[in-house]
Amino acid sequence: MKEQTSFCLHLTEWQEVFYCKLLEEANRGSFPAEMVNKIFSNISSINAFHSKFLLPELEKRMQEWETTPRIGDILQKLAPFLKMYGEYVKGFDNAMELVKNMTERIPQFKSVVEEIQKQKICGNLTLQHHMLEPVQRIPRYEMLLKDYLRKLPPDSPDCNDAQKSLEIISTAASHSNSAIRKMENLKKLLEIYEMLGEEEDIVNPSNELIKEGQILKLAARNTSAQERYLFLFNNMLLYCVPRFSLVGSKFTVRTRVGIDGMQIVETHNEGYPHTFQVSGKERTLELQASSEQDKEEWIKALQETIDAFQQRHETFRNAIAKDCDIQSEFSTAELGKRAPRWIRDNEVTMCMKCKEPFNALTRRRHHCRACGHVVCWKCSDYKAQLEYDGGKLSKVCKDCYQIISGFADSEEKKRKGILEIESAEVSGNSVLCSVLQYMEKSKPWQKAWCVIPKQDPLVLYMYGAPQDVRAQATIPLLGYTVDDMPRSTDLPHSFKLTQSKSVHSFAADSEELKQKWLKIIHLAVTGETPDGPNEHSATLDDYPEPKKTSEC
């Protein structure tokens, strides 16, 4: 009863204030009066229904409650008139869009609205908030009536009429709820618009916020983590950098990545848990979540958004492979069209094209902007137009230049020697692989990426880093003697391989890893191989190969 009175007064106030003032300005010729009528629709009729029919009937019944304790008959009689809300809800989206357009294009309209919104009677609420009030009214009737029915005694004579009224009101409420969800989404878009410094055009009814949150981004070169913020919409991902300012916008948009063509994959980085990769046409990002649960939630939200986008745009259904192997290299058709994932500097010790070792002076590291490989200056002395970067000429390797430009290289590829097998090639299909400390004779200890391939299980390959394209050395294990006694207390998990004058010393990070290596090596030195094809595949989870973070 009290709520009904409050609503009618509130409805009358905002109608009189906004409607009358805007109509006055329209009559001065600032904008057509027809536009004002479209914004307020049939709000006058709704107001008249409440003030002249529903409210007086309820007030009268309250006075007669001692003798006639029921309201179901009144609501059932007047509920059909609530259909007028349907007309208001039906035109609600267009009315909101009209307010937005007029505010942007007609200074007089914007000025009148802003002046009214400053008044105390508006309660610091915008015109759009007040326009939502009639839309929210029907769902409130529904909740009040449900509560009323729950509290009615089962034998109450008002049960039947109240139940029939609820059925009518519930039908109208379903339409209102849809409009409320749209309005809430629009309010959120406006908030984000302000957080981004009003620089991004995101306030559009077709845009829907899916998820937002803080995250870390791994640097492309050295895996250092940087604080970032993501806004995931139904059609794009905004990758933002925090602004350290006490006032104004909170974030700057660094990249807008479209959902069309986006791919998501989990990655593994030593020392950086909970990572995953977002690969889009505009850019590839490797991100670190705060926890495993947070990572799973982001991956789920992103993948569901991608799937929903594909369903809405069937023409792109075949353009995205759901089971894309992100470890495989770009297809030639995608080179230059999709941003690659850069191989990190610390994952290679030599040029991934000519296989010459890097050094700080004469052979420094460079990245091919098409495939993301780390190459030397000689192998990156080419430029090609990359579609994903707006057609700008960018540094690429020789192979990508030939593919993108169409230049044919008549030089026959040399057959790979035993040392020229890429680490990523054998690590992805190995009996065992991990980082080990290695020492030969009296040389100092150094880290090595050690691999025993499944196709060559009697040979130990040693690489400088997990993504190197050429092995530094190989050890044919057959005939070696294994000594598993630790060399010193500083290296408690060490072991040694000896054959004639050849001595190779290794040290693992843990006793568990040492025992795994010894189990395989004991078989190899006697000419035996593991019984099953995946007998020791669990070690790949413990020490995941960086090939899982290569580009798609």
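Before moving on, here are some points about what is shown:
- Inter-centroid distance (Cα atoms) of the range 428-497 relative to the range 345-405, Å: 30
- Listed by chain and number, the lysines placed with their C-alpha closer than 29 angstrom to that of Lys519 are Lys441, Lys443, Lys447, Lys454, Lys496, Lys501, Lys547, Lys548; residues fewer than eight positions away on the same chain are left out.
- Restraint check, Lys83/Lys151; Lys83/Lys211; Lys52/Lys187; Lys281/Lys395; Lys217/Lys281; Lys337/Lys378, Cα-Cα greater than 29 Å: Lys83/Lys211; Lys52/Lys187
- Kirkwood Rh (inverse of mean 1/r, distinct Cα pairs), the range 1-175, angstrom: 17.7
- In a simple Cβ point-charge model (Lys, Arg +1; Asp, Glu -1; nothing else charged), the range 58-130 has a dipole of about 40 debye relative to its Cα centre.
- Low-density loop cleavage sites - GluC sites (Glu not before Pro) in the range 31-118, where at most 13 other Cβ are within 10 Å (DSSP): Glu64, Glu66
- Note on Thr529 and Lys38: their simple-model spin labels are 7.6 nm apart, each label 7 Å out from Cα toward Cβ.
- The fraction of all Cα pairs in the range 423-526 landing in successive 5 Å bins from 0 to the largest distance is 2, 13, 25, 27, 21, 9, 2, 0, given as whole percents.
- The range 209-318: C-alpha gyration tensor shape, a/c 1.5 cut-off, then a/b vs b/c: oblate
- Once you divide the Cα radius of gyration of the range 336-411 by 2.2 N^0.38 Å, the number left is 1.08.
- Expressed as a whole percent, the accessible area of the range 336-411 that falls on carbon and sulfur atoms is 48 (1.4 Å probe).
- Among Asn101, Gly86, Leu75 the positive-end extreme of the charge dipole of the range 37-118 (Cβ point charges): Asn101
- For the range 255-295, the per residue solvent-accessible surface stands at 37 Å², with DNA, RNA and ligands left out and a 1.4 Å probe.
The values are calculated or read from the model by the stated rules, or taken from the named source; none is laboratory data. As the structure is a prediction and not an experimental result, all values here were calculated from the model. In this analysis, Cβ positions are derived from the backbone assuming ideal geometry, glycine residues included, and neighbour counts consider all displayed protein chains. Keep in mind that these areas ignore ligands, DNA and RNA; they rest on the heavy atoms of the full protein, side chains included. Shrake-Rupley method; radii C 1.70, N 1.55, O 1.52, S 1.80 Å.
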